[in-house]
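Trainee: Would you mind keeping the following structure in view while I ask a few things?
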Amino acid sequence: MHAPKEMRSKNVEALRTLLILCDSDMNALQDTWNAVLECVSRLEFITSTPSISATVMQGSNQISKDAVVQSLRELAGKPAEQVFMNSVKLPSDSVVEFFTALCGVSAEELKQTPARVFSLQKLVEISYYNMARIRMVYLLPTVSCIIFIHHFSVSCLTFASFFCSLYFELLDFLLLLIFYLNALFP
């Protein structure tokens, strides 16, 4: 995924298999979440950046190239989104690994030029998806620490308006979460 010019249909099939595994047996992935989420991030980057997707399979015939790009776009849709939506199915210890890996991928994206916020946005989304686990997981110091440390480091980068709006959206979400927790568990 890091070399779109060298991507072939076998790479697309390997990615498809990985996403199927994420959908069918997420528990099998255990400590490989960092690699999985990096692949999903790169997939989104390749398919959402026309100049990058134009370099896929450089040197191949146009029909093969178009087929691979179309397959990547299909995978970037629902199959990639399911990785995040299915985080609610993970056991507590695995969801901690998932959050930790997503924070790591997000930190790497933010270091890029221009900075990317795909994984940061997904972090906000999975926090919402996993809202029902508040009592079980979110109150654990591990997850809270992971999320707050990452978001503190992101807040230091709020010199650009898109970071500000995304960060404040997350901050609103966390404040709402704290409000509900205080109301439910006085």
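All of the numbers you see were taken from the coordinates with simple rules; none came from a lab. From a predicted model like this one, the values you see are computed outputs, not experimental measurements. Don't worry about glycine lacking a Cβ; one is built from the backbone with ideal geometry, like all the others, and counts go over all protein chains shown.
Trainee: What relative contact order, as a whole-number percentage, does segment 12-96 give when Cα pairs under 8 Å and 6 or more residues apart are counted?
Mentor: Value for segment 12-96: 44 percent.
Trainee: Taking the Cα centre of segment 1-137 as origin, work out the dipole magnitude from +1 charges on Lys and Arg Cβ and -1 charges on Asp and Glu Cβ, in debye rounded to 20.
Mentor: 240 debye
Trainee: If I model a spin label as a point 7 Å beyond the Cα along the Cα-Cβ vector, how far apart are those points for ALA14 and GLN112 in nm?
Mentor: About 1.9 nm, to one decimal.
Trainee: Sorted by mean Cβ packing within 10 Å, highest first, what order do the peptides 65-73, 92-100 take?
Mentor: 92-100, 65-73
Trainee: Compute, for segment 26-101, the length of the dipole vector about the Cα centre, with Cβ point charges of +1 (Lys, Arg) and -1 (Asp, Glu) only. Units Debye, rounded to 20.
Mentor: 260 debye
Trainee: Find which of SER48, ALA35, PRO79 sits farthest along the positive direction of the dipole of segment 1-89, computed with +1 on the beta-carbon of Lys and Arg, -1 on that of Asp and Glu, about the Cα centre.
Mentor: Farthest towards the positive end: SER48.
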